[in-house]
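The values are calculated or read from the model by the stated rules, or taken from the named source; none is laboratory data. All of these numbers come straight from a predicted model, not from anything done at the bench. Counting neighbours? That spans all protein chains shown, and the Cβs are built from the backbone with ideal geometry, glycine included. Please note that ligands, DNA and RNA were not included when accessible areas were found on the heavy atoms of the full protein model with its side chains. Shrake-Rupley method; radii C 1.70, N 1.55, O 1.52, S 1.80 Å.
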Amino acid sequence: MAEAGTLHDAFIDELRDTYDAEKQLTKALPKLAKAATNVKLRTAFESHLRETEGQIARLEQVFESLDEKVRGKHCDGIAGIIDEGKSIMEEDFDETTMDACLIAAGQRAEHYEMAAYGTLVAWAQAMGHTEAAKLLQQTLDEEKAADKKLSGLAEGGINQGAANAAHPQGDQEPVGASPSSARKTSAKSGRR
Ligand SMILES: [Fe+2]
Ligand SMILES: [Fe+2]
């Protein structure tokens, strides 16, 4: 019987998973950028694409620092998040609503990455892989900053613009109305 795997094995496995996730994201981010109407949002996706390419190179350094071959392993988690983003892009939304939805899709990916890198940093530190921990922390910081930037864009006007289209003046939901009453009228049925 094979020996039981250690945390080090799990760490290498998680690195391979994350390496593949970043590669998938380099294909998804240009699509998000292309679908965005807001110029700042498009630029944010484009600049995060360049950052993501740097993160791939950084993961390669991590593998090297551990004397491991650079290898990816299909990441089902990010594939699912990317698929959901694709479905959103196929919806028939007005431009600002689409931008709000693209931010939501982008933030799902960022949070997934933050969870992955958070674990990787903690494991690297626990096992004394100082160089790997330092590199992984740099990427974790970039993911957090990318997430924050998306929040800033959403809360800095995009959400309100989309909300105004959903509820034009004088068409505010009465206080205390249940969210389901707003949902009964679908996006495609037009203005009320
Ligand atoms: Fe990333
Ligand atoms: Fe990211």
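What to note about this one:
- Potential extension, THR26-ASP94 segment - 0.36 nm per residue separation minus Cα distance: 21.9 nm
- Debye intensity ratio I(q)/I(0), log10, the chain, q values 0.17 Å⁻¹ (C-alpha model): -1.06
- Rolling a 1.4 Å probe across the protein heavy atoms gives the chain an accessible surface of 57 Å² per residue.
- C-alpha long axis of helix 95-126 to longest principal axis of the chain, angle in °: 20 degrees
- In the chain, the calculated helix contribution to ellipticity at 222 nm averages -25000 deg cm²/dmol per residue, counting -39,500 (n - 2.57) for every DSSP H run with n ≥ 4.
- Axis angle, to the nearest 10 degrees, between helix 76-89 and the longest C-alpha principal axis of the chain: 20 degrees.
- Where GluC sites (Glu not before Pro) in DSSP loops with at most 15 other Cβ within 10 Å are excluded, longest remaining stretch of the chain: 92-192
- Ignoring lysines fewer than eight residues from LYS149 along the same chain, the ones with Cα atoms less than 22 angstrom from its Cα are LYS23, LYS27, LYS31, LYS34, LYS40, LYS86.
- Oblate is the label for the range 43-83, because the ratio a/c of its alpha-carbon gyration tensor axes (a ≥ b ≥ c) is 1.5 or higher and a/b is not greater than b/c.
- Here the Gaussian network model covers the chain, with springs between Cα atoms less than 10 Å apart; of SER47, SER87, SER65, SER87 fluctuates the most.
- Gaussian network model of the chain, springs between alpha carbon atoms under 10 Å - residue of ARG50, ARG16, ARG58 with greatest fluctuation: ARG50
- Around GLU64: net Lys/Arg minus Asp/Glu count, Cβ-Cβ under 15 Å: +1
- Accessible surface of the chain [probe 1.4 Å, protein heavy atoms]: carbon and sulfur percent: 51 percent
- Its Cα gyration tensor gives the range 62-106 an equivalent ellipsoid. The semi-axes, each the square root of 5 times an eigenvalue, are 35, 11, 6 Å from largest down.
- The simple Förster model, with R0 at 30 Å and r as the Cβ-Cβ distance, assigns HIS8 and GLU84 a FRET efficiency of 0.35.
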